[in-house]
Amino acid sequence: MLVNAEALLRSALERKESRGAHARSDYPEIDDRLTSINFIVEKTSDGMRVRPEQRAPMPPYLADAVHHSYARYTPEATE
């Protein structure tokens, strides 16, 4: 569990924005450039390494579902 916690913390530090449950007082805004980035944590001989990886675009049917869910549960963001 400690290894998992460290990996989670390292990737959270790399995401310099606030989004959903990931809120940072030093980066309070959403950064749209990070929308399509996943942070990958890898084990190396020197310890953990975090690297950004561009992910494929979301299929339209999933993007539509996310948009509707986001509008429903965060109406203040759509005003």
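Residues in segment 2-48 that are assigned to a loop (DSSP other than H, G, I, E, B) and more than 30 Å from H67 (Cβ to Cβ): S45, D46. Residue under question is E14, and the condition is that it be open to solvent by 80 Å² or more (accessible area, probe 1.4 Å), at pLDDT below 90 and at negative phi; does it hold? Taking the combined requirement at face value, the residue does not satisfy it. Pairs linking a residue in segment 54-79 that is in a helix (DSSP H, G or I) to a residue that is modelled with pLDDT of 70 or more and among the hydrophobic types (A, V, I, L, M, F, W, C), with Cβ atoms under 6 Å and 6 or more positions apart or on different chains, are T78/A71.
Inside segment 17-37, can you point out the residues that are open to solvent by 90 Å² or more (accessible area, probe 1.4 Å) and polar (S, T, N, Q)? Hit for segment 17-37 is S25, nothing else.
The values are calculated or read from the model by the stated rules, or taken from the named source; none is laboratory data. Computed from a prediction, not measured in an experiment: that's the story for all the values here. Counting neighbours? That spans all protein chains shown, and the Cβs are built from the backbone with ideal geometry, glycine included. The accessibility values were calculated without ligands, DNA or RNA, using every heavy atom of the protein model including side chains. Shrake-Rupley method; radii C 1.70, N 1.55, O 1.52, S 1.80 Å.
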